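What follows is one structure encoded as structure tokens, with my remarks underneath.
The values are calculated or read from the model by the stated rules, or taken from the named source; none is laboratory data. Model, not experiment: these values are computed from the prediction. Glycine also receives a Cβ, built like all others from the backbone with ideal geometry; neighbour counts cover every protein chain displayed. Please note that ligands, DNA and RNA were not included when accessible areas were found on the heavy atoms of the full protein model with its side chains. Shrake-Rupley method; radii C 1.70, N 1.55, O 1.52, S 1.80 Å.
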Amino acid sequence: MTPVILLAAGKESAEVTDWAARIGWVVGLGLFVALVYWLMREGWKWRGTLQGDLPELPGAPEEPGTAKLTLTGRYHGSTTAGQWLDRIVAHGLGTRSRVELTLTDAGLDVVRPGASDFFVPTAALREARLDKGIAGKVLTEGGLLVVTWAHGERLIDSGFRSDRAAEHNEWVDAINSMIKTSTTEGAER
């Protein structure tokens, strides 16, 4: 019995946790995360300031006409046309949100709960296509409805994703036929 007692007495106890060092690391990490978040927020505000020359977004007319198509889904943002990573944040165009799109003879009405709504007149529409990505959102090929429109002196691509992706082709056809019709009528005058 004596040898067992001697072996047990020779063991060392477990090391005690150094709580001061652990708390210091946690606080330091928290401050680092807060700094990164603050820098991202300042970058977003700076981008909005750089895009301050963008005119106010048009609102929907009183009588937009009957709806040709409606869509519910997600608004994924707007970029400079042809540059899918150059996000536009001025006037809330960079805010992702739910969306309700309505296409009428007057144009495209974009209603975004929780974000600013806007209206794209038919004369400002330039193109509609299916794409796979827009600033910060990449989907499968053809998974995103991208509408190109003119606002001020800029061409803007806005990306939408329907709750029912099968609707995208119908939207592309309808918008592009509206554009062809309006340019043909304008040429005849």
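Per residue, the Cα convex hull of the chain amounts to 206 Å³. Among the protein heavy atoms, those of ASP105 account for about 100 Å² of accessible surface (1.4 Å probe, every chain in place). Taking the longest Cα principal axis of the chain as reference, the axis of helix 168-188 is set at about 40 degrees. Proximity of backbone amide H atoms, modeled 1.01 Å from N, is registered between ASP86 and THR80 at under 5 Å, excluding neighbours fewer than 5 places apart on the same chain.
Report the net charge of residues surrounding ASP117, where surrounding means a beta-carbon distance below 14 angstrom and charges are Lys +1, Arg +1, Asp -1, Glu -1. So the environment of ASP117 carries a net charge of -1. Less than 5 angstrom separates the built amide H of GLY143 from those of ASP131, all sequence-distant by 5 or more or on a different chain. Taking a sphere under 11 Å around the Cβ of LEU54 and counting the other residues whose Cβ falls inside, with K and R at +1 and D and E at -1, yields a net charge of -2. Ordered by 1.4 Å accessible area with all protein chains kept, SER78, SER116 run largest first as SER116, SER78. Summing +1 for each Lys or Arg and -1 for each Asp or Glu among the other residues whose beta-carbon sits under 13 angstrom from that of LEU130 gives -4. Each peptide among 92-104, 55-67, 20-32 gets the average number of other Cβ atoms lying within 10 Å of its residues, and from highest to lowest they stand as 92-104, 55-67, 20-32. Rounded to the nearest 10 degrees, the inclination of helix 19-50 to the longest alpha-carbon principal axis of the chain is 10 degrees. Looking at segment 119-178, the trypsin sites (Lys or Arg not before Pro) that sit in a DSSP loop and have at most 11 other Cβ atoms within 10 Å of their own Cβ are ARG164. Note on the chain: helix-only mean residue ellipticity at 222 nm, from DSSP H runs of 4+ residues weighted -39500 (n - 2.57) and normalised by residue number, equals -11500 deg cm²/dmol. Of the residues GLU167, GLU42, the one with the largest accessible area comes first in the ranking GLU42, GLU167, computed with a 1.4 Å probe on protein heavy atoms.
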